[in-house]
1. Given the criteria surrounded by fewer than 24 Cβ atoms within 10 Å (Cβ to Cβ), at positive phi and touching a strand residue (DSSP E or B) at 6+ places or on another chain (Cβ under 9 Å), does residue 487 qualify?
2. Please go through segment 499-515 and pick out each residue that is within 16 Å of the chain's Cα centre (by Cα) and either assigned by TED's automatic domain parsing to the domain that holds residue 24 or buried (at least 24 other Cβ atoms within 10 Å of the Cβ) (or both).
3. Considering only segment 44-60, state which residues are within 26 Å of residue 75 (Cβ to Cβ), at pLDDT 95 or above and surrounded by fewer than 18 Cβ atoms within 10 Å (Cβ to Cβ).
4. Hey, any hits in segment 517-533 for a residue that's closer than 18 Å to residue 74 by Cα, crowded, with 19+ Cβ neighbours inside 10 Å and either touching a helix residue (DSSP H, G or I) at 6+ places or on another chain (Cβ under 6 Å) or without any contact (Cβ under 8 Å) to a residue 12 or more places away in the chain (or both)?
5. Just one of 198, 216, 223 is without any contact (Cβ under 8 Å) to a residue 24 or more places away in the chain, assigned to a helix (DSSP H, G or I) and within 29 Å of the chain's Cα centre (by Cα); which is it?
6. What's the number of the condition residue 610 fails, among (1) touching a residue at least 60 places away in the same chain (Cβ under 8 Å); (2) closer than 27 Å to residue 798 by Cβ?
7. Within 25 Å of residue 631 (Cβ to Cβ) and out of contact with any helix residue (DSSP H, G or I) (no Cβ under 6 Å at 6 or more places or on another chain): which single residue out of 803, 755, 725 fits that description?
8. Go through segment 107-152 and report how many residues are surrounded by fewer than 23 Cβ atoms within 10 Å (Cβ to Cβ) and more than 30 Å from residue 32 (Cβ to Cβ).
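The values are calculated or read from the model by the stated rules, or taken from the named source; none is laboratory data. All values reported here derive from a predicted model rather than from experimental measurement. We place every Cβ from the backbone using ideal geometry, glycine too, and count neighbours over all the protein chains shown.
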């Protein structure tokens, strides 16, 4: 699939097909006031002195900059540059232009990250174990049987631990990663509650339940943690082991055999090395797991109190018990390997107990917990991978320290904890200066999790009053969305029409072609790691071969589980930082435009609490009612909105009408150039145009509008031809800087184009009038906020024209108290 995308790019920009230069940008876009830097990779030695920002739709140059920093050779490229356009703040859609290459399109807008944190939850719901809402079926309902229990009477017996999430594209489950995932989602909601919506119920199915979706996900995870910690001192760390890796299948079709039918082993926390076969862990205690239980239960108790008060009390008790057990059992509780030498090699534990103590101090107001936390904080002031530039797999986990922040928020000694953060961040920044992408993350397995962790650490650092590292933060953020050597985003399906993983390591996608949107993939690794791992192989030629380097390799290939496998904990942890981007610079929405309704990416209704109607008219090849409509609107002192095709704007017979409508103060916008049908009538997701055809036609439409002085800035709303589109069309329009708009369904007013020969589809004038007024009388929100669509003209076979009754309709609606506005 990636080859098709490369081919399409070559067709759109043929002179770039054999380029020696590549520009990497954040494909999702940039906040207006953010640092904005692109990276140019070039095989040419000729210096680059300036670059342009051009409008994505009109190709007009809107900004020129010479703020360029050379970074010398990189990988297979002779030179590399950082192209700084931070001074450019104008909202819109653009691309960077150089004489021999140009970037993909990107937006500058305050809403570029809107909905991204919630988008990650798509993957979390798909990872659910027990009932899986994506598959609408249940899996692993017989988990499980206990192993390593010190009491022989309990060992090998059944324990109910159904639930939680699968850890990655395999179906193992771990307490450590689950608890960390839950904690960071809780923190995301605690700090940025407005970023999260309610569109799914507790079971992960579509439909609201009055609880933000992220808390539904949190509750699902905590329910499982409670099963994995059923009593004081009884903690379990893992379900299943690498015997799970028994071929491609859905979790509902799991055939992994552990010798107990469909039950899977549940590993008791002994604090000692474990391993079912030749490979063993190096566990030294239980505190790393106990601390994670405690901090998650403690914060969960506080956040869930509003929705589940009795449950919250239980969590408080469990948090105190888990912490106490951790103090009695210091050391790290690693996961258990089996047939392969790979496991989560967590060596640290004081950071977990520090965070647990800090959270319990907040929850209970008992200062002894804070005293403990301060003591633990001195044992690990800096997360070791930050200064060491390497680590074994999950050796120091979590990859960031939230405990320092939580202690600082309860003491006056913030400077000590700022200095702890600064030491680690400074080490990363020192390494970052060695490459043009300013990425100083060690490219070990799950490097994207380290990027996410660093971004979270940076944000907590700033909340404490820390300064500096702003350019590095921007670079790491942009790295995840395409400003990296490979030019791909690292989250499946985000952005929707950009370049993101298409061939991730997952049975869902490779065997069943199911989308796994929202999953953060492992990310690039050092070539030595990739070449040294067992069972890694590429299933297709490496489309990124030219961009691999000694720094790191990445493959969008199912066979590379080291770089292209989504992980549950990495995805969940990223909800924190992305939610901060939605709230750090809130989108200023005029009061009249609040509470918009979107349908497949298009605005289809304005505020239903306001008694305002927006009349909209479209025109292409029929326009005989134009003057009647214009005069009716003028008579009633109403401003409306008109959407015309390029052919309409160029038609000599419509020129005077267009000018009259402009003079009257109506909104004039685009409706495509040739009135194309974008997608199949019966299969909406089936596109009938490709992106190149769409953009070429759209550009021609706006070029025709420009002859009337209608600039893109004056016509940011675009109504699709036939009023038929899908989410991809909406995203393509957005990538050109436009917002799709469509009529509000319900009244059937748009049927005014029909004629008798259409049979049952035909609606006469009286039928249309009756249906509009009937809807107005019976609907809960009446016609409030409606975009009411009519046509400027109709096929000659329609003898009665509804625009002749427009005056009557307006008068009736005015008497009912409606006001009329244009876009």
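1. Yes.
2. Across segment 499-515, the qualifying residue is only 501.
3. 49, 50
4. Yes: one or more hits.
5. Step by step, each of 198, 216, 223 is checked, and only 216 is without any contact (Cβ under 8 Å) to a residue 24 or more places away in the chain, assigned to a helix (DSSP H, G or I) and within 29 Å of the chain's Cα centre (by Cα).
6. It is condition (2) that residue 610 fails.
7. 755
8. Selection size over segment 107-152: 21.
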